[in-house]
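Structure first, commentary second.
What follows is calculated from the coordinates using simple rules that are stated; it is not laboratory data. Note that the structure is a prediction, hence the values are computed from the model and not measured. Virtual Cβ from ideal backbone geometry, glycine too; neighbours counted across all protein chains shown.
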């Protein structure tokens, strides 16, 4: 796949400009010229230039949030939940096992309890034992517990059998979800999904926990307005830590309401008193400082999510729900050991996958690999790695010889167009089930259907011609190495949070040599670079480089390169320093310049 480096210019602002300004707003607005030159360039690159745009992106306010009642089906959902409250019915919160669903479970549980609900239970299928979905068998189990109302979170939009079974048993179901629906919707009491046909809320960017939060907003308003319902001082901000974790890990667009609420949620998470979350943050050295979206997505969340992937006695929900401080401390050791196990399984699977991938990979439009040695919990992580390594859609499956089935995950390369859900739909006759998002999906099939599915996926992506389309890498500005310091990082943090559709700023620097390279465990590279002015930057990291990128970096010992990078603050033992994260590189455009023999360096 060809790659084009394009400087960001005149991008559509990722926020709503329709909210009217108050007099206080007008008096507090600052124009572009009030900020440092570097920051001005960064804002201009993203189309942020007039005072109102700057205010909305740098100082987002909850007063501008969209009305939760505009989501289709919300009115019926609120009415039924209020009825359950008045009739003292047992409500079950049924959620997916991933961090979106688990965060939604905690968000809705604590939120309903904050409003005064007493009779609440919850249900999560286990990733490996039951698998993804709203399952009819678990509906039967809930019926034996005398559950009268099920509220799903992040699941259910394609669960026709479970909805039908609940109806047979006299259990009402409210489906809250954000996944793309199929042609027909389940026969639930009501469906709250901003991505369903007929919805005009413009909130389709919410994750599953985000939809649950908007349900909670609507309920709180109803409790405030209805004289027959109890009044309380429950503050919705108390559950925004869960909203932030879910939104950042589910890779939904960090725009408009999501951006406002994640910014508030990071503050809530930074000050959390939830025992296990606080203990884990202490262990990861995330306490006592402002949290960034990268802290959550790259450091905190993977440790929690690994509990679901490896499926031992501790699950992600325990990190949210444990209230005993001593038990919380004991749990964190298990969390870190479990994550270490996950890393080992993932590394083994990635190594095996490289061996299994056929020599004629160039003849195929997709990477399709499976094995009984792949742990089912890490196939999504392996698919992500392979899709980036080979710049092709990757389908990775865990084969069960005993059951004769394969459970897999699919990922698209970064910036690639196309839709995995549609590609899997083309092979639906051979699949047991499938679903997900455009760039990330899951599937299950019988072992004897592997080759038909592989063939259909290859044909689908050959027709889509994804690999003929260049991968566009948008960078924000060209900078010199000597410009990069901790002050720059402070301004970058101010512009955050970052996520999908509001990416971490990407910078370009030109005409540099690699003066030293050290290969670290896991295949990562630590690099020292030097520019034409003789300025040396000693801390450049390149995580899991593709073979092509690694070769280019090695060649840069002798020839100049340009590279794209993120600027990151690295904190170790309380000390802060600037670190660059190299993302892509290319040979410099000017004439070749070769190092003399005494300047050559080796790979250590």
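Based only on other Cβ atoms within 10 Å, what is the fewest-to-most ordering of 152, 331, 144?
Placing the least packed residue first, the sequence is 144, 331, 152.
Angle check, please: helix 99-115 long axis (alpha carbons) against the longest principal axis of the chain (alpha carbons), in degrees 0 to 90, nearest 10.
Around 40 degrees separate the two axes.
Multiply the residue gap between residue 69 and residue 334 by 0.36 nm, knock off their C-alpha separation, and tell me the result in nm, one decimal place.
Fully extending the segment from residue 69 to residue 334 adds 91.2 nm.
For the Cα atoms of the chain, what angle does the longest principal axis make with the long axis of helix 379-390, in degrees from 0 to 90, nearest 10?
30
Please give the per residue volume of the convex hull enclosing the alpha carbon atoms of segment 406-491, rounded to a whole number of Å³.
So the per-residue Cα hull volume is 143 Å³.
For segment 68-249, what class follows from the C-alpha gyration tensor (a ≥ b ≥ c being the square roots of its eigenvalues): rounded when a/c is under 1.5, otherwise prolate if a/b is larger than b/c, else oblate?
Here segment 68-249 falls in the rounded category.
With a point put 7 Å past each Cα toward its Cβ, work out how far residue 356 is from residue 551 in nm, to one decimal.
So the label points at residue 356 and residue 551 sit 2.6 nm apart.
What FRET efficiency comes out for the pair residue 49/residue 472, r = Cβ-Cβ distance, R0 = 22 Å, nearest 0.05?
My answer for the efficiency is 0.45.
Simple spin-label model, 7 Å along Cα-to-Cβ: residue 113 to residue 520 in nm?
Spacing of the two 7 Å Cα→Cβ label points: 3.9 nm.
Pull out the extension gain between residue 426 and residue 271, defined as 0.36 nm times the separation in residues minus the alpha carbon to alpha carbon distance; nm, one decimal.
Working: separation 155, 0.36 × 155 = 55.80 nm, distance 4.72 nm.
The residue 426-residue 271 span can extend by a further 51.1 nm.
FRET efficiency for residue 38 and residue 161, Cβ-Cβ distance as r, R0 = 45 Å, nearest 0.05?
Approximately 0.20, to the nearest 0.05.
How large is the helix-only mean residue ellipticity at 222 nm for the chain, computed as the sum of -39500 (n - 2.57) over DSSP H runs with n ≥ 4, divided by its residue count, in deg cm²/dmol to the nearest 500?
Counting only the DSSP helices, I get -11500 deg cm²/dmol.
Fewest to most neighbouring Cβ within 10 Å: what's the order for 584, 323?
The order, fewest Cβ neighbours first, is 323, 584.
Taking the square root of 5 times each eigenvalue of the Cα gyration tensor, what semi-axes in Å does the equivalent ellipsoid of segment 338-441 have, largest first?
Semi-axis lengths for segment 338-441 are 20, 17, 14 Å.
What is the spin-label model distance, in nm, from residue 121 to residue 543 if the labels are put 7 Å beyond Cα along the C-beta direction?
So the two model labels end up 4.1 nm from each other.
Please work out the FRET efficiency for the pair residue 532 and residue 486, using the Cβ-Cβ distance as r and a Förster radius of 30 Å; give the result to the nearest 0.05.
Using R0 = 30 Å, I get an efficiency of 0.80.
Taking every DSSP beta bridge that has both residues in the chain, what percent is antiparallel when rounded to the nearest 5? Can you show the working numbers first?
Working: 48 of 80 bridges.
Given both bridge residues lie in the chain, the antiparallel proportion sits at roughly 60 percent.
Relative contact order for the chain using alpha-carbon pairs under 8 Å, separation at least 6, rounded to a whole percent?
11
Fewest to most neighbouring Cβ within 10 Å: what's the order for 342, 221, 490?
Placing the least packed residue first, the sequence is 490, 221, 342.
Please give the contour-minus-distance gain from residue 130 to residue 200: 0.36 nm per residue of separation, less the Cα-Cα distance, rounded to one decimal in nm.
21.8 nm
Rounded, prolate or oblate, given the Cα gyration tensor of segment 272-315, with a/c below 1.5 counting as rounded?
Values: a/c = 2.83, a/b = 1.55, b/c = 1.82.
Oblate, since a/c reaches 1.5 and b/c is not below a/b.
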